[in-house]
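Below you'll find the structure, written out as structure tokens, and then a few comments.
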């Protein structure tokens, strides 16, 4: 197991998903095999079950894992080399512009608060 870095900017669930993906790719978890329960994985990674659940959901979305009601979660397939979804560059640029506008608005608000505290 790769230790989870709590100081890392990446969410814990993403780090866990990366580790589970690595374990499947290196056949520590084999296609067709049941993975440990959410509770067991939560204990292994020293995180909440919801954090592990988010990681498992991500891998289900990618098609690496599949859950069967009442039976558990199984390794469905090896992760693809580029297991992340394709990036929509127009959407990314739009989001970036929106974030820049929000940052500028926040900067203006902070400057106004600082000026009022200084008595300018």
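What three numbers, in Å, describe the spread of the alpha carbons of the stretch 12-75 along their principal axes, ordered from the longest?
The principal-axis extents, from largest down, are 27, 26, 19 Å.
What translational diffusion coefficient, to the nearest whole µm²/s, does the chain have by Stokes-Einstein, given a Kirkwood radius computed over alpha-carbon pairs, a temperature of 37 °C and 0.692 mPa s viscosity?
On the way: Rh = 17.1 Å.
My calculation gives 192 µm²/s for D.
When only C-alpha pairs under 8 Å and at least 6 residues apart count, what is the relative contact order of the stretch 12-75, in percent?
Computed over the stretch 12-75, the figure is 41 percent.
Counting alpha carbon pairs within less than 8 Å and at least 6 residues apart, what relative contact order, in whole percent, applies to the chain? Intermediate values should be presented prior to the final figure.
Working: 94 pairs, mean separation 26.0, N = 120.
Relative CO of the chain lands at 22 percent.
Could you work out how far apart the two model spin labels at residue 48 and residue 113 are, taking each label as a point 7 Å from the Cα in the direction of the beta carbon, and quote it in nm?
For residue 48 paired with residue 113, the spin-label model returns 2.6 nm.
Where a number appears in this text, it was derived from the coordinates with a stated rule and is not lab data. Just so we're clear, the structure is a prediction, and the values are computed from it rather than from any experiment. Note that we place each Cβ from the backbone using ideal geometry, even for glycine, and neighbour counts take in every protein chain shown.
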